[in-house]
Every structure is written in structure tokens, then in C-alpha cells.
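The values are calculated or read from the model by the stated rules, or taken from the named source; none is laboratory data. The structure displayed is predicted, hence computed values, not measured ones. Cβ sites come from the backbone with ideal geometry, for glycine too, and all protein chains shown count toward neighbours.
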Amino acid sequence: MATELRPARRSVVWHHLGAVCSGPATALRRRPLVCAAACFAAGVMIGEWLWSAGILMAVALACLVWCLVPGVHGILRRAIMVRCAFGFGFAAAGALRMQVQAIPGPRDISRWIGPEFVTVTGRLASEPEARRDLRFLMSAQAIRRASGVSEPCAGLLQCSIVPVTGRRAPRYGDIVSISGMIESPQPPQAPGAPPTDAQLRRHGIFATMTARYPSLWRIESTPSRFDPVRLALAWRDSMLRQFEHRMDRSTAALATGIVLGGRQSIAPDDVDAFTRSGLIHIVAASGANVAILLGATWLVAHRANLARRWEAIVCSAVVIAYAVAAGSEPSVVRAAVMSVMYMAAPLLDRDRDAPCALAAAALASLAWAPGNLWDVGFQLSFVIVAALLAVWPIWAAAIGSLWPPMRPAASSFSERLRRTLAIGTMSAVGVSAVAGLAAAPLTAQTFSAVPTLGIVSNTLAAPAVAFLLPTALVAWLACLVVPPVGDVIAQHLVGPMARYVESAAHWVSGIPGSALHTSPPGWLGVWSCYLALAAVVAIIARRTAE
């Protein structure tokens, strides 16, 4: 009897498995750009292997040739093999891009690695990061050897210098000369430490240099040519100065960090509180800032009854301007690309599709810098956005079942206000919960800690941050154009909201157990968690659709 039931049970299991997978498979079939981005990322991941690009290209050609062999029948088989050739081709392109990234150019600064004492002149390619020393990336331009001979060079060089009290530190875009020995990126010394040498090579950095004394570095010049990042830094300094005239320094630094990103001016105690409470992402320019600004701009354009084309143009222009003002950080650029792709679809007579816009942003980001695939910021941003796209329809349906749409004429103002507050609170809780669950495996793997009260802290801070971002931008512009109006907005709106967010972070971080420290689960455990979450979401979505 048991042997007779086994085949039936097995067929039922396969039937349910096929039903669960049919929805995502149908969605991916209609979005080839998503499959292309996934295959390209897989190629980048294995691109460090020597023969990966050649093997993947050979498999793609074999699949394509198999389709052209006469006598092979079956439209379905031909379609499957064409898709396989398509996928392996994009994977081969990703592997080739990674291999090109991992090979230094003929004039790369790494050619001069050795014990010789040299002087390298170049332009700062990143804003210095203050630790016990100042660390930054330099785009090398020339090298002067010990013999006095100067030669042109190229490539990125990771530099460390000793800061000097009373002497201006270099800023992004400055031309700086550094003397010392050029060294190879060193592997980590402590067991379990992140492989910094591999990370540098994946980003095209093959050499490091340390100026061990203040006399071994100097600023040559400060170019005045237009540069988006340099302009963004000037805007950030301008906002910080305007806010410092109207509120205390810590509040001004926090408001500036929330709007344009940057933790350099925020007190270390505040940074620790934001980290433990799971709110550190709000003081770094990210996709959440772009989403808030895009939503506010779209609401204004929609209320103004603009045509869809003009609505797309206005929203895209605002997003691009904010990406420049935020310093063209990778997370902001990815969010800006996704937003522009999504909003500009009507300009090309296409329907707006968020998964395709996300895939286009990922494909463009990896094609430009394949090393981003190993960046935890890249991983978290795309995982969280993908989770929100998958789960939000389910959560929205649940909210709609609790508070169905109401006709404005059939309800009083107080009832509409209570309903709006309830839906807003449930939406904030849903976004915080989905973002926290999606980020938990990667956070545990990278930082060996998970903020256990991140949902609470984000629910408390999200409404204030959503209102603070456009308000602070308006206050800054008003401070420059109409100072009395800027004084009122900055002192009575921006300041209190920034202090509220700071208080929420400190309150949550002070609760025992606000951060759970754990050992890294390993990448197999991370992938297992995401596959389990995807299966649960697919089952719930299928039952909701039924």
C-alpha cells in the first residue's frame, strides 16, 4: 500500500513545485533584461578564473550551432537552446569584463612596485577617509624616480598620508605629490579578516603607497574645472555652513548627512547609535533618498496635471540633479539609473516596469565597474529593492483588505485622517520589515551582527526622514535666496525633525539586545536563506492570486 502511494505523493509534490515556479518563470520570460543582468553578474563572479570567458563563449556557440543543425525538430527545444545561448553569451561578456578589469594596463603605476624611493603626482579620485591617517585613491599622472627622471603613468593608487594640524588636508580633485615606496596590496594578516587585496584588484587597484612623514606629501594645485563630485562636495559644505548658522553643529551635520550623505562631520557617538539601531543607512546617500525625492517630485507634477512625457522629464531631471549633488555615490547612481529608466519609459512608448529598470541599473553598474559585485553596498541595495518589488504587492493587498477604499463624500475628515495614518504606519512597518529581512543574511555574513530592532527604529524614523529630505533642500535654497524664510524653515522644521531622528536612534540603541552578534553563516547559508525566502514569497503570492 505504501509503495502505491509513493508515486502519487511524488507527483503531487512535483505538481505543487511546478505551480510555485510557474509564476516567476512566466514573469522572467517576459523580461529578458532581468535574465541578461543575472547572467552577466554570474559571469563577473566566475570571471577571475583564467579560462572562464572562453569556456562560456564556447558553450554559447555550441548552443547556437545546435539550433542550426538540420534535422533537429521541435520548436520548444530550439527556443530553449536559443535562450541558453543568450544566457551563456551574456555570462561570457561578464567574465571577459572582469578579466579586463583584473589586468593592469601597460602604463599602470604598479609597474614601479619595488624598494625604489619615488615621487608620484596625481589627482585625488576619492574623498579622503579619516582614520589614524588619511586614506584616498589617486589617479596617477607622473612618477619621478630616484635618478630624477620623470615618466608618465596611469592607473589608480591607494595612498595613506599623515595629517598635519594647521595644514589643509587634500580634497577630492586636488593635484597631490607623494613620496615613498610603491608596494603591492597586502593580504590580511589577521585570520578571518576581509580580503582587502582581492577587493582592491577587483576595482582595478594594483598598488599602494604610504607617506610616513608629513614632509613627504604636498598639494600642488586645486583645479577649477567643472567636476560633478567636486561640485557636490562644495554644495555639501554650503548646506552645512548654512545650517550651522541656524542650529547647533551636531544637528546641522546630521541634517546634511541625511540629505546629501556623508558621516565625516557626525559625532562618533551618533554614528555608533545609528549603527546599532539599524539606521546607519539614512546618513548615507542611497536609493531610499532617491525614492523619497522622486515620490515628492512625482506628486507635485501629478497635482500640476502635467502630461506623462513632461512628468517623466521633470522627475528624471530632479533625480539626475540630486545624484550629482550627492556626490555621484555608487548607490545613488544605481538608484538614479533605475529611476530614470522607469520614469523615461513613456518617452520611448514603453510601459513602466520596475524589475526591468532594476536589471538595467545592475547591468550598467557591473559593466562600468565589475568589482561592485563584491561591494556590500551594491549587494544590499539590489537585494532590498528586489525584495520590495516582490513583496510589496502582497503587503499592499493585505492593507487594502483591512482598509478598503473609501469615497471621500461618505466619510468625515477625521475618519479619512485616521485611515491615512493607519495605512501610512502599516506601509512604513512593511517596508522596514521587508528591508530588514532581506538585509539580514548579508549583514550577518559581512558584519557578523544583525540589528534586531531595525524594524522599530525604521518605523519611528521613516516618516520624519521622508519629510526631512525635501524640507531640508527647500530650507537650504531659501537660506541662499531668502534668508529670513530659510531661518524659519531651518529652525522650526529641519532642526526639530533631525533631533527627533537622533533621539530615536539613541533610544533604540540603548535597549539591551538591539544588535545581535553572530558568526558568519557562509555564502552557502546566505543563498539558502534567500532561496527559502523566495519560495515562501512565491507560495504566498500564488495563494493571494487565487
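Being at pLDDT below 70, surrounded by 11 or more Cβ atoms within 10 Å (Cβ to Cβ) and not in a loop (DSSP other than H, G, I, E, B) is the filter here, so list the residues in the stretch 407-427 that pass it.
Within the stretch 407-427, none qualify.
Which one of these does Ser514 not meet: (1) within 22 Å of the chain's Cα centre (by Cα); (2) crowded, with 18+ Cβ neighbours inside 10 Å?
If we test Ser514 against (1) within 22 Å of the chain's Cα centre (by Cα); (2) crowded, with 18+ Cβ neighbours inside 10 Å, just (1) comes out false.
With the condition kept exactly as written, say whether any residue in the stretch 92-109 is assigned to a helix (DSSP H, G or I) and farther than 21 Å from Ala364 by Cα.
Among the residues of the stretch 92-109, at least one is assigned to a helix (DSSP H, G or I) and farther than 21 Å from Ala364 by Cα, which makes the answer yes.
On the basis of being under 20 Å from Asp108 (Cα atoms), touching an Asp or Glu at 6+ places or on another chain (Cβ under 8 Å) and not in a strand (DSSP E or B), does Ala146 make the cut?
It is true that Ala146 is under 20 Å from Asp108 (Cα atoms), touching an Asp or Glu at 6+ places or on another chain (Cβ under 8 Å) and not in a strand (DSSP E or B).
Every residue in the stretch 138-150 that is at pLDDT below 90 and either of a type in the set (Asp, Glu) or surrounded by 15 or more Cβ atoms within 10 Å (Cβ to Cβ) (or both), please.
none
Determine whether Ser179 is more than 30 Å from Ala42 (Cα to Cα), over 29 Å from the mean Cα position of the chain (by Cα) and in a strand (DSSP E or B). If you could, list the steps in order and put the result at the bottom.
Values: more than 30 Å from Ala42 (Cα to Cα): yes; over 29 Å from the mean Cα position of the chain (by Cα): yes; in a strand (DSSP E or B): yes.
Taking the combined requirement at face value, the residue satisfies it.
Looking only at the stretch 498-531, which residues are part of a helix (DSSP H, G or I) and of a type in the set (Gly, Ala, Ser)?
Ala498, Ser503, Ala504, Ala505, Ser509, Gly522, Gly525, Ser528
Kindly list, by first and then second residue, each pair from a residue in the stretch 137-152 that is more than 20 Å from Arg171 (Cβ to Cβ) to a residue that is assigned to a strand (DSSP E or B) and among the acidic types (Asp, Glu), limited to pairs with Cβ atoms under 6 Å and residues at least 6 apart or on different chains.
From the stretch 137-152, the pairs are Ile143/Glu151.
Looking for something assigned by TED's automatic domain parsing to the domain that holds Ala472, within 30 Å of Thr196 (Cβ to Cβ) and crowded, with 18+ Cβ neighbours inside 10 Å - is there at least one such residue anywhere in the stretch 342-358?
Checked the stretch 342-358: at least one residue is assigned by TED's automatic domain parsing to the domain that holds Ala472, within 30 Å of Thr196 (Cβ to Cβ) and crowded, with 18+ Cβ neighbours inside 10 Å.
Show me the helices (runs of 4 or more DSSP H) found entirely inside the stretch 279-383 where at least 3 residues are closer than 26 Å to Ile266 by Cβ, under 13 Å from the mean Cα position of the chain (by Cα) and at pLDDT below 80.
287-303, 330-343
Among residues belonging to the stretch 441-455 that are modelled with pLDDT under 80, assigned to a helix (DSSP H, G or I) and not polar (S, T, N, Q), point out the one that is surrounded by the fewest Cβ atoms within 10 Å (Cβ to Cβ).
Ranking the qualifying residues of the stretch 441-455, first place goes to Phe447.
Report, by residue number, each residue of the stretch 197-223 that is surrounded by 15 or more Cβ atoms within 10 Å (Cβ to Cβ) and outside any strand (DSSP E or B).
Asp197, Ala198, Leu200, Arg201, Arg202, His203, Gly204, Leu216
Being part of a loop (DSSP other than H, G, I, E, B), at pLDDT below 85 and surrounded by 16 or more Cβ atoms within 10 Å (Cβ to Cβ) is the filter here, so list the residues in the stretch 247-278 that pass it.
Gly261, Gly262, Arg263, Ser265, Ile266, Gly278
Write out, first by first residue and then by second, each pair whose Cβ atoms fall under 7 Å of each other, whose residues are 6+ apart or on separate chains, and whose first residue, in the stretch 238-260, is assigned by TED's automatic domain parsing to the domain that holds Gln491 while the second is part of a loop (DSSP other than H, G, I, E, B) and of a type outside the set (Gly, Ala, Ser).
Short answer, once both residue conditions are applied: Ala253/Ile266; Leu254/Ile266; Gly257/Arg263; Gly257/Ile266.
Taking into account only those residues within the stretch 158-172 that are surrounded by 17 or more Cβ atoms within 10 Å (Cβ to Cβ) and out of contact with any Ser or Thr (no Cβ under 7 Å at 6 or more places or on another chain), which is nearest to Ala234 (Cα to Cα)?
Here is the first cut: in the stretch 158-172, the ones surrounded by 17 or more Cβ atoms within 10 Å (Cβ to Cβ) are 158-161, 170-172.
With the extra rule that they be out of contact with any Ser or Thr (no Cβ under 7 Å at 6 or more places or on another chain), the set shrinks to 159, 161, 170-171.
On the way: Cys159: 23, Ile161: 23, Pro170: 14, Arg171: 11 Å.
Looking at the filtered set, the residue picked out is Arg171.
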